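Written out below as structure tokens is the structure these notes cover.
Computed from the coordinates by the stated procedures, all read-outs in this text should not be read as laboratory data. Note that the structure is predicted; figures quoted are calculated from it, not measured. Don't worry about glycine lacking a Cβ; one is built from the backbone with ideal geometry, like all the others, and counts go over all protein chains shown.
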Amino acid sequence: MIKIRFATKEDLQEMTGLYIDNNPEYGSHHQRLKDGLSALLDDSNKGHEVVAISEGEIIGRIHIATEWSVYRNANFWMFENVYISPNWRRKGIYTLMHKWIYSRAKVDSNCCGLRFWALEDNRAARDAYHKMQMEGKIVELFENDFIFGKNNP
């Protein structure tokens, strides 16, 4: 049986490991990542982590950030850093998580919808989002990354 829920502080160690599994290039910044997750879990205004659990082990996670829409007078819930453990992929875990999040977002008067980022070449993610009847538009993200950007140490 798979259980979906919001992450808690008790999940911090395991989630830190999953983040590094998903993005090994950030492994050398383990403490920064752990501190960031800890801050998120302490303050729901920063967003949420949703986890899928099987037999006491986190097998998937989705970070939800919020983005204020002036036009809608509400927040979009932005899915970021979707990760399903390799042994659990193609078994419907993402679909369960998406439906769980959707059902909560739909009844939250401060939420006006769901949004995702997917890199153009990430076919698996794009296919999963289309399967959930989401519409996609190709956009390009521009940023100045003060921590990991090319012009920073």
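Of note:
- Each semi-axis of the equivalent ellipsoid for the range 10-92 is √(5λ) with λ an eigenvalue of the Cα gyration tensor; in descending order they amount to 23, 17, 12 Å.
- Within the range 2-131, antiparallel bridges make up roughly 80 percent of the DSSP beta bridges whose residues both belong there.
- Taking other residues whose beta carbon is less than 12 angstrom from the beta carbon of residue 84, and scoring Lys, Arg as +1 and Asp, Glu as -1, yields +3.
- Separation in nanometres of the label points that stand 7 Å from Cα toward Cβ, at residue 108 and residue 29: 2.5 nm
- Simple label model, 7 Å out from Cα along Cβ direction - residue 8 to residue 91, nm: 2.4 nm
- Here the simple spin-label model places points 7 Å from the Cα toward Cβ, and for residue 1 and residue 133 these points are separated by 2.8 nm.
- For the range 2-131, the relative contact order comes to 20 percent (Cα pairs under 8 Å, sequence separation of at least 6).
- Sites residue 115 and residue 70 - FRET efficiency at Förster radius 22 Å, r taken between beta-carbons, to 0.05: 0.90
- Neighbourhood net charge (9 Å Cβ-Cβ; Lys/Arg +1, Asp/Glu -1) for residue 64: -2
- Among 88, 45, 56 - extreme Cα towards positive end, dipole of the range 27-137, charges at beta-carbon: 88
- DSSP-loop GluC sites (Glu not before Pro) across the range 8-86, with at most 16 other Cβ within 10 angstrom: 55
- Order of 77, 88 - criterion: other Cβ atoms within 10 Å of each residue's Cβ, fewest first: 88, 77
- Sparsely packed chymotrypsin sites (Phe, Trp or Tyr not before Pro) within the range 1-54, loop by DSSP, other Cβ within 10 Å at most 14: none
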